[in-house]
Each structure stands twice: as C-alpha cells, then as structure tokens.
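Please treat every number below as a calculation from the coordinates, not as lab data. All values reported here derive from a predicted model rather than from experimental measurement. Cβ atoms come from the backbone with ideal geometry, glycine included; neighbour counts cover every protein chain shown.
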Amino acid sequence: MRNPRRWIATTLVVVATVLAFVSILALWANRQFLNTDNWTKTSSELLQRESIRGQVADFLVDQLYANVDIRGEIASALPPQAKALAGPAAGGLRNALEKGIDQLLQRPKVQQLWENANRVAHKQLLATLEGGGKAVSTTGGNVTLNLGEVAASAASAFGLGNVASKIPPNAAQITILKSKQLDAVQSALQALRGISLIVLILTFLLYIVAVVVARERRRETLRMVGGSLIVAGALALVAHYFAGQQIVDGLSSTASVRSAVSDTWDIGSSLLVEAAQSAIAYGVVVVLGAWLAGPTRPAVAVRHFLAPFLLSPRWAFGSVAVVVLLILLWGPTPATRKPLGMLIFAILLCLGVEVLRRQVKREVPDASFGELGAHVQERWRRMRARVPSRSAPVEEAPPAGAPVREVKLDELERLGRLRETGVLTDEEFEQQKASIIAGSAG
C-alpha cells in the first residue's frame, strides 16, 4: 500500500457518509415525530391543502350522521304532512354540509380547534410512549385524535346547535396508535432518541479525524468531506422519493384519497427534504472552499484578486459578519434558524477565512488595493482588445533596426507579470510573446 494514510482517510469519509445519511433520517424523525410544536405546525399546513380538507370534511359529516339521527331531527321540525320529505332533506343537507365544512375549516377559529386537538393528541402520544401518567388517558389503549369539538363547531355553524349537543364525547376520533403497536413504537422511540445525537456527533468526528490523518492531502480530503455531505443529502432525497411512492401506494385504498395521502406525505416529510438539502448546501460550500485553496490557475487568480481584502482583518472578518447576518435573516435551513447552529456555522466560517488569509499572506504578502485596481483595468483592457474595432488605428512600426530588447522588453515583462498572477494562461502568454517578437523582428 503506497499511501496508507490516504486509504485510511478515504475509508473514514466513506463510513461517515453512511452515518451522515442515517443522521439525516434520524434528525427528521426526531424533529417531526417527537417535537410537539413541529407536529402541530405540520397539522396546520395539512389543513391548508384542499384535498386534505375535503377528506376531513367527509369524515366529520360521516361522524355527524353516524352519531346523530339527522333525518329524525329534520322530521321532528317538519309538520306532519311534510315528514316524508325528511329523508331527501337529510340527503341534500349532507352535500351542503360537506361543502360548508370545507369552507369552515379555512376559518381561523376552526383551524385553532384543529391545532389544539393535534397538540393534545401529540402530548398524549409522547406521554403514552414514555410510560404514561396520571394526566394521560387512552381509549381502549389507543392514542386518538379527538375532533369532537371541530364537529360540534361545524354543526353549530349551520344552525344545528341541538345536534351538536348530542354528539358523544368519543365521536369523531382518529386512531393514531393502537395498543398492540405500543411496545414496538416505545422501543423505536428509545432508539431514536438514543442514536440521533450520537450518530451526528460521530459523523463529524470521523470527518475531523479523516482530515487530520490525511496530513499533506488535507485539502483533497476536505473536498471529499464536502462530496460526502452532497452524496448523503442526495441519498436522503432518493430515499424520500421511493419511500413516498411506497407509502402513497400502500395507503391509497381508493383513487379519491390518493391526492390527500400524497399531500400528507409531502408535508409530513418536508423537514426531511430540508435536512437533505441543507447537507447538500453545506457540502457545496466545503467543496468550494477546498477548491479555492487549491493550486489550479482559476483558484490562484481568485485568491490573488481577493488578496487585498483577505490581508485586511477588518475587511475579511467584517465580510464574514455581513454574511452571517444575511444568513441569519434569511434562515435558509433549520440549523441557521437556531442560535447554536448559527454559532457553529460562524465559528467554522471564521476558521476557514483565517486559513485562507494565511495562505494568501504566504503567496502575495504585498498585495494592495492599488494593484487590484490595476489588475482590473488590465483585465478590462484585454477584454476590449479582443473585440475588433472598425476605427482602430494602425500601430506604427518600430524604428528600423531597433533591437527587440530595447523596443519590446517592457511588454514582455508585463506579459510575465500577467502570467504569474493568473491573468494569462501559458498558451496565451506564448501566443502574445511570439506576436511581440515577430512584430519587432519585422
């Protein structure tokens, strides 16, 4: 084995990639299913989808008709000669109720009842999974979402106050967890809470060890770390897609509910998509940082262009502060919306900028803003020179017999400086050099 450190670093990054993928899934499950605020927020987003509201409205109407004799209530309010119309009236009222409840579910008061029911159900779920308590009760060992208040509010809104009072307390319930599933879910909960943070910490430790072990190949290893994060995020997105296909197909008993199931999966897994996209974004930043510190001609040119800013601590770290503030205001990822996540990001960004500053100080210690201005002007002049001009004046030939070194030495020196700073490639340098020499000889 020619370079054991390289293979060790590569192996550590590969293992960390697998752990990063697991970590993304674990963090999503932890934040989505074990956080009451996230659960309640998701339930509110669900009710914004028309397909889901339609299913909820159908369910509430079914519960009203199943628990209250709507036909009898209508018949009791009609005169004897019109009681035969109670059946058709009840059927017609059902269609009106479905449309009306769908509209009612869009009102803030009813949405608040929906949120409250989901919040209570989730607290009940967590308390049950963690061993229960005196304040927690389940129906037949099941954890349920009780929409009785929503059903009663819907009935009252349509002038059926007497009907709302007859709805049993245990009506309009959706079972979230059955008693026979309790042991399995309790074990999954304990495992999830146990591994989520551990896997995340272990992933970053493997990344750090890989970079340290690589020694002279640390920049290449850092680039592999960025690629690892990109791969882990991409794998999570692929898993999200195929899992969604399986879940939607498995739960869609009829075509009429498929849209609602699909919307539910999209909303419920949105945090997973955010976590995967965040990993990809962080990976891209790491790869760009590793590239910027590399020996390629474009990277060298960018470093020399930024040298005056990087050599000035005020400009360098002032720019870092501006970037951190903009990201804090934008909050593109969940981590950037939390103080601890932003603190870690700011520290890593400052460390990266300091490493880049030291590299630039070794390469161009005397860089100044004046040289930067001259560099930009020269670049602009070269761009304009490449565009043919109809009115361009013909250059006068040098004096006859003038030696090349006396006439074109300054231009050759200028070309050499442009090649050293990365403005000219080797090929461009040779072409212009040959052109100058040929012009002088002629």
For Glu430 and Val285, extending 7 Å from Cα along the Cα-Cβ vector and measuring point to point gives, in nm, a value of 4.2
Expressed in nanometres to one decimal, the distance between label points 7 Å along Cα→Cβ at Val14 and Ser252 is 3.9
Rg (one decimal) and Dmax (whole number) from the Cα set of the stretch 215-259, in Å, equal 18.8, 61
Given 15-24, 353-362, 81-90, the highest-first ranking by average Cβ count within 10 Å works out to 15-24, 353-362, 81-90
In the structure shown, of Lys83/Lys109; Lys99/Lys123; Lys109/Lys338; Lys123/Lys338, the pairs separated by more than 27 angstrom at the C-alpha atoms are Lys83/Lys109; Lys99/Lys123; Lys109/Lys338
Note, Leu329: beta-carbon cut-off 15 Å, +1 each Lys/Arg, -1 each Asp/Glu, net +2
1/(1 + (r/R0)^6) with r = Cβ-Cβ of Gln48 and Ser187, R0 = 22 Å, i.e. FRET efficiency to nearest 0.05, evaluates to 0.05
